[in-house]
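Peer 1: Quick one: this structure, given as structure tokens, is what I'll be asking you about.
The values are calculated or read from the model by the stated rules, or taken from the named source; none is laboratory data. Just so it is clear, the structure is predicted and the values come from calculations on it, not from any experiment. Here the Cβ positions follow ideal geometry from the backbone for every residue, glycine too, while neighbour counts run over all protein chains shown. Side chains are part of the model used for accessible areas, which takes the heavy atoms of the whole protein and leaves out ligands, DNA and RNA. Shrake-Rupley method; radii C 1.70, N 1.55, O 1.52, S 1.80 Å.
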Amino acid sequence: MIVKMFSRGSGGGKGVADYLMGKDRKREGASVLRGDIEQTKEIIDGLNFSRNYTAGVLSFEEKHTDLTKEQKTQIMNRFEGAIFSGLEPNQRDITWIEHTDKGRLELNFYIPNVEMTTQKRLQPYYDRADRPLVDNFKKVINHEYGLTNPDAPEKSQLLKMDLTTPRSVKELKDGVNRDR
């Protein structure tokens, strides 16, 4: 399993809701596991913060049938416990959508960035501070559930592409000649 936090989060909730469940809310291979996508969208649409929501995914190499409903629920509960530490369920809103259309399990989440009882801004994930927490969550869950470990040596790439390397021979020649 890997945990991916999406960089989006500004604007209304319609775009992400449409992606997660389809514009007609009948996306093939998508189902709401917990929460209410329309309620979450409405909460987000009522916010006027610069970043109104946080969204991401727990993506598994395993198929959706490899984990039981109870295991998925346990993993979602533990993730919520990690990122909502100190908050009661009535202080936050989160919707979980399962995607199975890519041949693997994805547990997508969609969170309005608001503390529900005070209506103050809530930032459930701040990358600089929370990346180690989420990385440790991933490692523990992968170990305890016997899931594929993306950090395992056999998963590492033998050759890594350098994105700054020129793409064509002409670019390479231009770069060599320019540096003279």
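Peer 1: Scan the stretch 1-19 for residues that are of a type outside the set (Gly, Ala, Ser) and open to solvent by 50 Å² or more (accessible area, probe 1.4 Å) and jot them down.
Peer 2: 2, 4, 6, 8, 14, 19
Peer 1: Shifting gears a bit: Of all residues in the stretch 84-98, which are free of Cβ contacts under 8 Å to residues at least 24 places away in the same chain and among the polar types (S, T, N, Q)?
Peer 2: Across the stretch 84-98, the qualifying residue is only 85.
Peer 1: Tell me, which helices (runs of 4 or more DSSP H) lie completely within the stretch 1-115 with 3 or more residues that are within 30 Å of residue 155 (Cα to Cα) and modelled with pLDDT of 95 or more?
Peer 2: 69-83
Peer 1: Among the residues of the stretch 20-40, count how many are open to solvent by 80 Å² or more (accessible area, probe 1.4 Å) and either of a type in the set (A, V, I, L, M, F, W, C) or more than 22 Å from residue 79 (Cα to Cα) (or both).
Peer 2: Counting residues in the stretch 20-40 that are open to solvent by 80 Å² or more (accessible area, probe 1.4 Å) and either of a type in the set (A, V, I, L, M, F, W, C) or more than 22 Å from residue 79 (Cα to Cα) (or both) gives 4.
Peer 1: Hey, can you tell me all the residues within the stretch 100-121 that are open to solvent by less than 30 Å² (accessible area, probe 1.4 Å) and over 12 Å from the mean Cα position of the chain (by Cα)?
Peer 2: Passing the criteria: 105, 112, 113, 114, 115.
Peer 1: With respect to residue 155, determine if the residue is under 21 Å from residue 8 (Cα atoms), among the basic types (Lys, Arg) and more than 14 Å from the chain's Cα centre (by Cα).
Peer 2: Against the criterion (under 21 Å from residue 8 (Cα atoms), among the basic types (Lys, Arg) and more than 14 Å from the chain's Cα centre (by Cα)), residue 155 does not qualify.
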